[in-house]
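Below you'll find the structure, written out as structure tokens, and then a few comments.
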Amino acid sequence: MRRFPLAVVLAALMAALAAAILIAVAFGAVPVPLERILATFRGDGDPTDAAIVLSLRLPRVLGAAVVGGALAGAGALLQGMLRNPLADPYVLGASAGASVGAVLGLIVGGAFGVLLVPALAFAGALLSVVAVWQLARVGGQTPVVTLLLAGVVLSAFAGSITTVLLVASDRLQLRLVSVIGWLMGGVAVVSWAQLVVSAVLVAVALTVALAIAPRLDALSLGDDAAASLGVDVEATKRIVLAASALLAAAAVSLAGLIAFVGLIAPHFVRVLLGAAHARLVPAAVLAGAVFLVVADLVARLALAPAELPVGVISGLVGGPFFFALLWRYRAAYRL
């Protein structure tokens with residue numbers, strides 16, 4: 001199959017992301033034309049436009065881009081490490097584990113919530129990924145059926161813990177509706193500081209991912225082959241688990257549980273660029289950002305003035321995509 005030049009794909013994805021961001025900022029309950037958005041960015045726009053664009057829409061749209069990029073990057077990493085096209089932070093329970101940590105951070109956070117929520121979300125995601133990976137391994141292998149079952153069970157268990165925390169916390173009872181909406185996959189950026197913290201976490205994790213990209217390529221040949229090429233297999237897996245957990249934590253701290261972005265974006269990019277992770281990861285991040293910005297726009301406009309959680313849109317798109325992957329790989333994995 002013909003592969004496209006990396007520069008062309010990245011340029012196209014960046015242009016698509018810029019266009020998606022502008023369109024998402026422009027449309028909503030109160031449309032803001034492009035010329036007024038640009039005037040706001042220059043600092044000579046109407047105060048009402050400035051409040052809508054800079055305080056409400058732009059943080060949310062950029063938050064959706066960060067979340068989409070983080071989930072896509074985590075999916076690309078997990079698929080590479082596990083040599084499994086069905087791996088995804090949501091399917092493997094990383095997002096559910098991160099949600100438990102994030103809710104704990106909301107309960108005890110106080111003035112340190114901006115830092116504590118992603119920190120505890122990272123701990124929850126990391127514990128969840130490690131638990132699922134260890135439970136699914138059989139004789140040094142990770143069967144896809146066992147992996148999926150372990151992810152489903154852990155997600156259900158983590159969901160129950162999250163529900164108990166929500167009901168038991170007097171502090172969260174006062175804003176239970178908004179917290180549940182966030183957990184269902186609603187992008188909720190309460191401050192620019194929160195957005196910056198999550199963006200920095202994503203940047204750190206993606207830097208690590210790019211640094212170990214050649215090792216991930218070697219892992220695709222199998223653990224023994226990778227070791228024969230001088231790759232420290234176990235250390236590489238630990239780094240991948242930590243990076244993917246950090247990405248899942250950043251995503252959950254901004255938008256709760258959003259499914260299937262980590263499946264859709266890497267598969268789309270892999271068709272264009274191939275499986276080399278140095279090419280795959282940055283392109284998948286951009287594709288995931290574009291997808292979630294557009295999905296969030298659809299969620300805001302589909303039932304206006306009511307608003308859907310963006311997790312509903314990603315689920316409606318990703319569910320059939322996941323079933324299609326199951327059908328495609330059923331023979332290889334004896335599904």
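Would you mind calculating the relative contact order of the chain from Cα pairs under 8 angstrom and at least 6 residues apart, reporting the percent as a whole number? It rounds to 30 percent for the chain. The stretch between Ser55 and Ala324, if pulled fully straight at 0.36 nm per residue, gains 92.9 nm over its current Cα-Cα span.
Rolling a 1.4 Å probe over the protein heavy atoms of the range 1-53, with every protein chain left in place, gives an accessible area that is 72 percent carbon and sulfur. Restricting the calculation to Cα atoms, the range 281-332 yields a radius of gyration followed by a Dmax of 13.9, 46 Å. Per the Debye calculation on the chain with a single equal scatterer at every Cα and no solvent contribution, log₁₀ I(q)/I(0) for q = 0.07, 0.08 Å⁻¹ amounts to -0.28, -0.36. Normalised per residue, the accessible area of the range 185-251 is 41 Å², obtained with a 1.4 Å probe and no contribution from ligands, DNA or RNA. Farthest toward the positive end of the dipole of the chain, out of Leu92, Ala188, Phe4, is the Cα of Phe4, where the dipole comes from beta carbon charges about the Cα centre. With the simple spin-label model, which puts each label point 7 Å out from Cα in the Cβ direction, the Val271 to Val177 separation comes to 4.1 nm.
How much length is gained if the chain between Ala304 and Val30 is pulled fully straight, taking 0.36 nm per residue apart and subtracting their Cα-Cα distance, in nm to one decimal?
Details: separation 274, 0.36 × 274 = 98.64 nm, distance 1.11 nm.
That pair, Ala304 and Val30, stretches by 97.5 nm at full extension.
For the range 271-335, which trypsin sites (Lys or Arg not before Pro) are both in a DSSP coil and crowded by at most 11 other Cβ atoms within 10 Å? List each step's numbers first, then the result.
Details: sites: Arg279, Arg300, Arg328, Arg330, Arg334; in loops: Arg330, Arg334.
Sparse-neighbourhood loop trypsin sites (Lys or Arg not before Pro): Arg330, Arg334.
Charge tally around Ile21: other residues with Cβ under 15 Å, Lys/Arg +1 each, Asp/Glu -1 each, net +2. In this simple spin-label approximation, Val8 and Thr146 carry label points 7 Å from Cα along the Cα→Cβ vector, and these lie 4.3 nm apart. Solvent exposure of the range 1-106 amounts to 39 Å² per residue of accessible area, where only protein heavy atoms count and the probe is 1.4 Å.
A straight line joining the Cα centroids of the range 159-174 and the range 245-280 runs 29 Å. For the range 185-335, the fraction of C-alpha pairs farther apart than 24 angstrom is 42 percent. Axis angle, to the nearest 10 degrees, between helix 192-211 and the longest C-alpha principal axis of the chain: 20 degrees.
Computed in the context of the full set of protein chains, the accessible area of the range 220-335 at 1.4 Å probe radius has 69% of its extent on carbon or sulfur. Each residue, Val190 and Leu210, gets one label point 7 Å from its Cα in the Cβ direction; the gap between the two is 3.2 nm. For the chain, the longest principal axis of the alpha carbon atoms and the long axis of helix 94-108 meet at an angle near 50°.
The values are calculated or read from the model by the stated rules, or taken from the named source; none is laboratory data. Computed from a predicted structure; not experimentally measured. Every residue, glycine among them, receives a Cβ derived from its backbone with ideal geometry; neighbour counts consider all protein chains shown. Calculation scope for accessible area: heavy atoms of the full protein, side chains included, ligands and nucleic acids excluded. Shrake-Rupley method; radii C 1.70, N 1.55, O 1.52, S 1.80 Å.
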